[in-house]
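Everything on this sheet refers to the single structure shown next.
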Amino acid sequence: MALSGLDIFKLLPKTNCGDCGVPTCMAFAMKLAQKKAELSDCPHASEEAKAALGAASEPPIRLVKIGGANALEVGNETVLFRHEKTFYHQTGIAVELRTSEGKEKLVSKIKEVEGYAVERVGEELTADLFFISHDSKEKADFLTAIRLVKENSAKGVILDCGDEEALKEGIEILKDERPAVFLRKEMGEDDIDLAKAYDINLILTDSSLEEMAAQAGKAREAGLNNLILNLEASNVGQHLQNNVILRRSALKKNFKPFGYPLISCIRANSRFDLLARASMLICKYDSVIVLPEYDRALLYTLFTLRQNIYTDPQKPIQVDPKVYPIGEPGPESPVFVTTNFSLTYFIVSGEIENSGISAHLVVADAEGQSVLTAWAAGKFVGETVAKFVKDIKLEDQVKTRKIVIPGFVAQISGDLEESLPGWEVIVGPQEASDIPSFVKSVKLT
Amino acid sequence: MTFEIPRETNTGKVVEVTIGATAEQGGSRSHTVTIGGATALSFHFFEGEHPHRPVVAMEVFDKAPEKHLEALKEYFGGVLDKPGEMARKCVEEYGAELISVRLEGTHPEKGNKSAEEAAETVKEVLESVKVPLIITGHSHFEKINEVMKKVCEAAEGENCLINYVETDNYKTIAAACIAYGHTLVAQTPIDVNLAKQLNILLTDMDFPAERIVMDPLTGTLGYGLEYTYSIMERIRNDGLAGDKMLAFPMLVTPGYESFKIKETWASEKDYPQWGGLKERAAYWEIATATSLLLTGAELLIMYHPRAVEVVKKMIAETFESGKRG
């Protein structure tokens, strides 16, 4: 919970000595509250002040890093609804590897996941973690699985192993890779010692809110802070409610034991159910989900949902401003122009495609704004569109000399024609959904 | 630190809307469907009442958009262009709780079927199934006004959900709903204020509040879902906080929107990174529908039978957890 300037002032020496570089303690307190100064600038701060300010600056949900050089960062969220600000650290997607699957299968699975990436709106989407569960007898199987991941992948690892000796040796292999250890039973003294010795992340498991609070409280008292919570639920409805209660407690009540990222191992009878549960838990607050199985279509769907939910609502996603071919356009094909707001691009390109024609879609740089917003801001007017058309040398790419503009900016047609000698401007429909009928009724070339 | 469940109570309540009419009520449906009534956010059973489960409707067509329904052919074979038979299949085999009859074929550029033909299609579906109906139109104002007037009259007393009116075209259809006893969808383009404004316009013409369902316009996964998702969360938050003009049940259309986009019909051969089409077509609709359920969607119009099955299962599962507590 943030302290006000006045709260901080009460903790300062109130001597106005100026040693911190600010003339008065009050002014220094104000700077601290705005996070423009640090308490260490004051050589006379008491231990009490340090403790109070330290706790106040702790984020409501801790940032936890899983992995080595390319660690996945999860947590540090500040809101319950994305429209309040944004969600910061997208849900990590972990693929489960079971030691009972055998070496050959594991190798092919690791390589497959490692080699799978799909591009969407300029982002490369991939899975983030491997979850290794030791469900065979031999300790060697577990250690082999860990080595296979280490050899073939840079992704972070979560270890789930009931055999303490195997677990310790496994952690030793990953000692520079900061794994997370999944505790199936209540955390014991051994676990605390292990977590301290290797500075790893601990995943606490429990099935009731109260007991989870007690366990996390105990871990905090022992000085452990890199925690992830696995609150088991009997069904997805209970799970969603738990997640709301956990996040609300952390953000609104400043309830520290719940101020950690959440994880769930999703179980389902079919891939379709698996996808449904995973989708809901991505929306409602899981920071890591573990998939017992997967296929490309399932990962692609979840990646897309995750990208949608974790997009900053205040920052529109942009596509690269350039000419996009729709279908297989030739030099004589029609030319459409729109802005580089991703949603606008998707809808317009989709409707041109639906119309069955091939065309060139000129996506002008409008700082990622939609047509009307960009027009109102002067980013999508005759002059700017003409400049873009000239900059990309469209005249060298196509023979067509007609350009279709969105119906909502019919008023720019005069200016655009003036700024683009030799071109005829055609006013298209206001709604993209009318493009298919529009192309049938108007001669575009 | 002792732990206490942080409960929040709301002053508002989502309006309860009933669709369909039985013989005693002047219609011919075997039962009615009621949605809305919640006093807390979706699935927040720990802090409010949720008297009615969200329901799943399936859609039939007066003119099937076959090009994009490749993934559905396996389930519907030859009945995609036979609305009556398709409706029966949806209800009896795939568990549809309502049927939406989409009258796209009446659009002047998409077949220009007459209002009389539309009314015949609706009657055919009314006879073939006994669940409540949704009648879904399009945005050609002049034509849809004519079609909906005729359809409202032909289905008098059935309390169909007439889908939809917009801010620039609501009076004729709303009047027909009042005259012939139907419920209405108010559609606005992904915007809280526009949604509120249309609801005010409707109630100002004495349209009964308990007969309004809102459609905030669905963007499917990867094509604007995040906008719909957040607008719906804001609408529901405001509605529960006491804004009566935003406290209506919400309709979403994951089926229609998903089956417009490439991800549900492009082959794996052309897009190897996207994985198998057979699963992908259902996955896409499931992810769209389940995420919107969390924002407060009460009525979902869906296409893929596998997606319908899964979404109904998730609704049942979340409500099961509500009973316990």
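Observations on the model:
- Our analysis of chain B gives Rg over Rh at 0.96, with the two radii drawn from alpha carbon positions and Rh computed by the Kirkwood formula.
- log₁₀ of I(q)/I(0) at q = 0.05, 0.08, 0.11 Å⁻¹ - the protein assembly as shown, Debye sum with one point per alpha carbon: -0.30, -0.76, -1.27
- Trypsin sites (Lys or Arg not before Pro) lying in DSSP loop within segment A:109-167, provided at most 15 other Cβ fall within 10 Å: A:K137
- Beta bridge orientation in segment A:311-382: antiparallel %, DSSP, nearest 5: 55
- Of the chymotrypsin sites (Phe, Trp or Tyr not before Pro) found in segment A:283-328, the ones in coil according to DSSP and having at most 16 other Cβ atoms within 10 Å of their Cβ are A:Y310.
- Highest to lowest packing among A:377-389, A:13-25, scored as the average C-beta count within 10 Å: A:377-389, A:13-25
- Take each residue of peptide B:231-243, count the partner chain Cβ atoms within 10 Å of its Cβ, and average: the result is 1.
- Separation between Cα centres of segment A:393-438 and segment A:317-333, rounded to whole Å: 14
- Close Lys pairs in segment B:1-125 (alpha-carbon distance under 21 Å; sequence gap of 8 or more, or different chains): 17.
- The spread of Cα positions in segment A:287-389, taken along each principal axis and listed from longest to shortest, comes to 53, 33, 18 Å.
- Where trypsin sites (Lys or Arg not before Pro) in DSSP loops with at most 12 other Cβ within 10 Å are excluded, longest remaining stretch of chain B: B:8-268
- Taking every DSSP beta bridge that has both ends in the protein assembly as shown, the antiparallel portion is near 20%.
- Counting only residues at least eight positions apart within a chain, or on another chain, the lysines with an alpha carbon under 18 Å from that of A:K150 are A:K65, A:K103, A:K105, A:K109, A:K111, A:K139, A:K168, A:K175.
- Rh (Kirkwood; distinct C-alpha pairs) - chain A, Å: 25.7
- Built amide H within the under 5 Å cut-off of B:T220, gap 5+: B:L225
- Overall, chain A carries a charge dipole of about 780 debye about its Cα centre when +1 sits on the Cβ of Lys and Arg and -1 on the Cβ of Asp and Glu, all other atoms neutral.
- Taken over the C-alpha atoms, segment B:158-221 has Rg and Dmax values of 11.3, 38 angstrom.
- Contact order relative to length of segment A:5-57, as percent, for alpha carbon pairs under 8 angstrom and 6 or more apart: 36
Each value in this text was obtained by applying a stated rule to the coordinates, not by laboratory testing. Since the model is a prediction, treat every value here as computed from it, not as a measurement. A quick note on method: Cβ atoms are made from the backbone with ideal geometry, for glycine too, and the neighbour counts reach across all protein chains shown.
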